[in-house]
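A short reminder: the numbers here are calculations on the coordinates, not readings from a lab. What you see is a predicted model; the values in this text were computed from it and never measured. Glycine also receives a Cβ, built like all others from the backbone with ideal geometry; neighbour counts cover every protein chain displayed.
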Amino acid sequence: MPSQGRRGSALVAAVVALAVCLSSVLNFEAAEAKAYSVGGAKGWTYGNYVRWPKGKNFRAGDTLVFKYDAEQYDVVVVTQAQYRTCNAPPNATAYHTGNDRIKLVKGHHFFMCNIFPGHCKAGMRIAVKAM
Ligand SMILES: *[C@@H]1O[C@H](CO)[C@@H](O)[C@H](O)[C@H]1NC(C)=O
């Protein structure tokens, strides 16, 4: 019995060591790259997103997650000029799964909803800068 107890505590120690190891790996990854759910809990929906990126420090490698009703919304990659005027060209890259993950590279990124006219004008667009 005592030897079983020792084996038991050795196992517990091993599990704890593994857990500490895993959590430091996860923490490290969290510090390296973050996933941002655009719009927070409400996701990507009709509304004004101009202020959403404010105060967030986006970095290259971070991911923007757009969660939305794919029958009503989409996510289109645009240029700054297209973002400003809400005019996406027909050949712009578009996402429409309802759960799109877009990895940021360093620089400016502009996205807008283009499925119905008016969504972008109402503010359903974001501009983010990744460092
Ligand atoms: C769309 O087509 C225009 C004109 O050919 C081109 O300049 C532009 O780079 C294209 N945009 C994309 C996102 O492919």
Filter on K42/K129; K42/K106; K34/K121; K54/K129; K67/K106 - keep pairs with C-alpha separation over 20 Å
K42/K129; K42/K106; K34/K121; K67/K106
Non-local amide H neighbours of S37 (under 5 Å, H modeled in plane, Pro and chain starts lacking H): which ones?
V65
Nitroxide proxy distance, nm - points 7 Å out along Cα→Cβ at N87 and N57
3.8 nm
Multiply the residue gap between V65 and H108 by 0.36 nm, knock off their C-alpha separation, and tell me the result in nm, one decimal place.
13.8 nm
Enter the Cα centre distance for the pair region 68-131 and region 31-47, rounded to the nearest angstrom.
14 Å
Is region 35-131 rounded, prolate or oblate when judged by the Cα gyration tensor, a ≥ b ≥ c being the square roots of its eigenvalues, rounded requiring a/c under 1.5 and prolate requiring a/b larger than b/c?
rounded
